[in-house]
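Below is one structure; the comments refer to it alone.
The values are calculated or read from the model by the stated rules, or taken from the named source; none is laboratory data. Treat the numbers as computed from the prediction; the structure is a model and nothing was measured. All Cβ positions, even for glycine, are placed from backbone atoms using ideal geometry, and neighbour counts span all protein chains on display.
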Amino acid sequence: MKIHEYQSKELFASYGIPIPPGFVAETVDEARQAAEKIGTFPMAVKAQIHAGGRGKGGGVKLARSLDEAVSHANSILGMTLVTPQTGPEGRLVKKILIEAGLAIKSELYLSLMVDRETACILIMASIAGGMNIEEVAEETPEKIIKVYVDPLAGISGYHCGEVAYGLELPPAAIKPFKSLLSALYKLFVDYDCSMVEINPLVVDENDQVFALDAKVTFDSNALFRHKDIIQYRDFDEENPLDVEASKYNLNYINMDGSVGNMVNGAGLAMAVMDTIKFAGAEPANFLDVGGGATAEMIENGFRIILSDNKVKALLINIFGGILRCDVLAQGVVAAAKNVQINVPIVVRMEGTNVEEGRRILAESGLNLSTAVDLKDAGEQVAKLVA
């Protein structure tokens with residue numbers, strides 16, 4: 001789950017991580033009041049959307065007077081902000097952050113993330129702050145610092161010192177940086193984060209460090225432990241179909257192709273999408289009904305997939321284990337009675353009660369065909385959308 005910059009900074013502040021003074025606003029009048037509270041210039045006016053690259057898209061502007069702050073607020077609020085991470089459709093800006101400016105001496109990059117290869121928490125830092133870290137890694141990889149922390153042992157002064165000296169911090173900034181990094185690590189672990197990023201982390205003229213930007217994402221599977229974080233969820237920033245799927249414990253990701261997919265298991269979903277692409281078509285979505293799917297979940301999965309007008313055919317690929325093939329078939333037939341299915345369906349199933357499942361589907365009268373294996377299923381559905 002993603003949250004906004006201003007929400008991330010609220011969390012930072014609760015852990016003692018220095019941030020510039022700032023206030024969120026949803027109207028121009030609120031923006032004026034926020035600017036008056038800050039009272040010093042320059043100040044930043046920053047669009048609040050779940051995407052990076054806001055500055056390049058015109059969503060972050062510097063104001064040197066109250067009138068300029070109000071003018072920037074007026075132009076950013078309500079705009080459709082297009083960045084490299086939003087896609088061409090962009091995002092509607094409904095909130096802005098009015099924030100005090102800082103006398104910046106240097107800009108750095110700092111992030112924490114889970115490194116699955118080493119089963120460690122990776123601290124990644126760079127002296128090239130304010131830039132896309134992907135560009136830095138590609139063009140000047142020597143500027144990337146990586147320090148791995150065993151989560152069972154936790155962070156130590158050694159880790160903090162290695163990062164601090166790698167960033168070539170001035171002596172006076174080393175102690176506050178170590179405090180910031182230790183607090184950031186604690187936040188990361190306490191809230192089951194998947195990533196915490198500060199870009200840029202700035203050193204001011206007094207050699208103090210501040211999180212000028214903030215990005216936090218959480219492991220959605222751990223949110224049951226963090227009821228206070230759930231309130232940060234902004235449904236306006238999510239795909240409506242993703243939100244609808246989450247109501248029924250369905251794992252759904254919208255994509256750009258024309259073949260809808262229904263599978264039970266994330267690994268199986270990845271294999272199915274690869275198969276579709278190898279056959280010359282493109283997946284329209286990733287929909288995993290899970291191992292214990294019920295007929296109701298399958299029906300809701302159908303409804304969500306078919307509400308996407310891009311879908312021209314549907315591929316169902318189920319391995320019957322916990323979810324038996326006959327239960328799947330019953331769910332498909334029940335869904336067909338309640339959902340208007342106006343696209344052809346290709347079904348490939350194997351596993352428990354597969355013959356009974358095939359019988360149920362064959363006698364259903366639905367517009368579907370069965371496949372002998374995954375390759376055959378991909379080829380059939382590709383022909384249907386060609």
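Summary table below
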item	result
Residue tally, condition under 21 Å from Gly16 (Cα atoms), hydrophobic (A, V, I, L, M, F, W, C) and surrounded by 13 or more Cβ atoms within 10 Å (Cβ to Cβ), over the range 135-183	11
From Ile38, Ile76, Ile49, Ile3, residue being assigned by TED's automatic domain parsing to the domain that holds Asp213, of a type in the set (A, V, I, L, M) and either in contact (Cβ under 8 Å) with a residue 40 or more places away in the chain or farther than 29 Å from Asp192 by Cα (or both)	Ile3
Criterion violated by Asn132 - all others in (1) surrounded by 14 or more Cβ atoms within 10 Å (Cβ to Cβ); (2) without any contact (Cβ under 8 Å) to a residue 24 or more places away in the chain satisfied	(2)
Among (1) surrounded by fewer than 22 Cβ atoms within 10 Å (Cβ to Cβ); (2) polar (S, T, N, Q); (3) assigned by TED's automatic domain parsing to the domain that holds Phe319 - the single one Asn261 does not satisfy	(1)
Residue check for Ala371: at pLDDT 85 or above, within 22 Å of Met270 (Cα to Cα) and over 32 Å from the mean Cα position of the chain (by Cα)	yes
Residues (crowded, with 17+ Cβ neighbours inside 10 Å and assigned to a strand (DSSP E or B)) located in the range 75-106	Leu81, Arg91, Ile96, Leu97, Ile98, Glu99, Ala100, Ser106
Spans of strands (runs of 3 or more DSSP E) in the range 192-240 with at least 3 residues surrounded by 17 or more Cβ atoms within 10 Å (Cβ to Cβ) and either touching a Cys at 6+ places or on another chain (Cβ under 7 Å) or not hydrophobic (A, V, I, L, M, F, W, C) (or both)	193-204, 215-218
Residue count, the range 154-175 (criterion: of a type in the set (Lys, Arg) and within 31 Å of the chain's Cα centre (by Cα))	0
Considering residues of the range 37-54 that are β-branched (Val, Ile, Thr) and under 15 Å from Ser65 (Cβ atoms) only, the residue surrounded by the most Cβ atoms within 10 Å (Cβ to Cβ)	Val45
The range 249-273 residues that are more than 16 Å from Val346 (Cα to Cα), paired with ones that are of a type in the set (Val, Ile, Thr) (beta carbon under 8 Å, 6 or more apart)	Leu250/Val289; Leu250/Ile304; Tyr252/Ile304; Gly257/Ile276
